[in-house]
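Single-structure report; data block below.
The values are calculated or read from the model by the stated rules, or taken from the named source; none is laboratory data. This is a predicted model, so every value here is computed, not measured. Here Cβ is always computed from backbone atoms with ideal geometry, including for glycine, and neighbour counts include all displayed protein chains. Surface areas here come from the heavy atoms of the whole protein model, side chains and all, with no ligands, DNA or RNA. Shrake-Rupley method; radii C 1.70, N 1.55, O 1.52, S 1.80 Å.
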Amino acid sequence: MSGGGTSVRCEALSFRYRPDEPAMRFDCAFAPGRVTSVMGPSGSGKSTLLALIAGFERAESGRILIGDADITRLPPARRPVSIVFQDNNLFAHLDVAANVGLGIAPDLRLDSAARGKLAEALDAVGLAGYETRKPGALSGGERQRVAIARALVRDRPVLMLDEAFGSLGPALRAAMLDLVADLHRRMAMTVIMVSHDPDDARRIASDLVFIDGGRVAAQGPTDRLLDDGENETVRAYLGSRQTPS
Ligand SMILES: Nc1ncnc2c1ncn2[C@@H]1O[C@H](COP(=O)(O)OP(=O)(O)OP(=O)(O)O)[C@@H](O)[C@H]1O
């Protein structure tokens, strides 16, 4: 689990789901070895941005650079990123060890070094001893820990979390964010985290990218954007969240 972190840059990245709709366009940078949150209204394009970086969607034009490498045309498996989603991260019929092992070898043939790495990852997320449990016998937070362990064994320098803890209650979500912060400190990965909640961003993200209407409306230090009110679009978003419904 070397990690190390590397920069991620999206340059004039243009994308649309249907030809009759206006293109989204992303210009943003994620600093190496930092935690950056991606925030913005529902439907603004946060998951789309992560899907483009992961390679699940293909840009019409523009470039994605990870470090100095242009990865715009690489298939997802060859990109130096791991991604954890809110749901559907685990195979229900496989136990915890196999679910994590898939991150090392899709055929689950693990040599002793790979088994050591797996044990190390389960230990890092606090799940040593859970190897033979099936996902159905785990809590929501434990399931997400397994998904993070699988991301860790993949040894990619960029870890993306797409509302990975969105279905968890506030206390558990805070614990999971602290786990990510702890792993980040130890492995210095570049972390990109989509969240709706400004407190999630304040808790672990030094930087923030704010998306609005398929564009990057603001990017910069979290405290300046969330607390100093530096950007009008972000201010309006925060204000709208505080309005009782
Ligand atoms: N597979 C798809 N096909 C067509 N349109 C899509 C698809 N996925 C997303 N969209 C549309 O693209 C826009 C951006 O969606 P996206 O999921 O990236 O937003 P988001 O900011 O992550 O939203 P949320 O916070 O609600 O998850 C939305 O208008 C959405 O309806």
Need one number: the % of Cα-Cα pairs in the chain sitting beyond the 27 Å mark.
35 percent
Long-range amide H contacts for R34: which residues qualify at under 5 Å (H placed 1.01 Å from N, peptide plane, sequence gap of 5 or more or a different chain)?
V191
Keeping every protein chain in place, order T222, T233, T132 by accessible area at 1.4 Å, biggest value first, i.e. largest first.
T132, T233, T222
Report the FRET efficiency, 1/(1 + (r/R0)^6), for R185 and A105, where r is their Cβ-Cβ distance and R0 is 35 Å, rounded to 0.05.
0.80
Ranked from highest to lowest mean number of other Cβ atoms within 10 Å per residue, what is the order of the peptides 65-72, 24-31?
24-31, 65-72
Using a Förster distance of 45 angstrom, determine the FRET efficiency expected from the C-beta separation of R235 and D68, and round it to 0.05.
0.80
If you roll a 1.4 Å probe over the chain with all protein chains in place, what percent of the accessible area is carbon or sulfur?
48 percent
So what J values fall out for the range 218-233 if you push phi through Karplus, 6.51 cos²θ - 1.76 cosθ + 1.60 with θ = phi - 60°, rounded to Hz, Gly and Pro as x?
6, 8, x, x, 4, 5, 5, 7, 8, 10, 8, x, 5, 10, 5, 4
Report the net charge of residues surrounding H93, where surrounding means a beta-carbon distance below 15 angstrom and charges are Lys +1, Arg +1, Asp -1, Glu -1.
+2
Identify the chymotrypsin sites (Phe, Trp or Tyr not before Pro) of the range 32-119 meeting these criteria: DSSP loop state and at most 13 other C-beta atoms within 10 Å of the C-beta.
F56, F91
So how much slack lies between A113 and S167, counting 0.36 nm per residue of separation and subtracting their Cα-Cα distance, in nm?
16.0 nm
In Å, the Kirkwood hydrodynamic radius of the range 90-155 over pairs of distinct alpha carbons?
11.3 Å
Extending each Cα 7 Å along its Cβ direction at D223 and A128, get the distance between those two points in nm, one decimal.
3.6 nm
Which value, in Å² rounded to 10, gives the accessible area of R156 with a 1.4 Å probe and all protein chains present?
60 Å²
Approximate spin-label separation R58-A29, in nm, with each point projected 7 Å along Cα-to-Cβ
2.9 nm
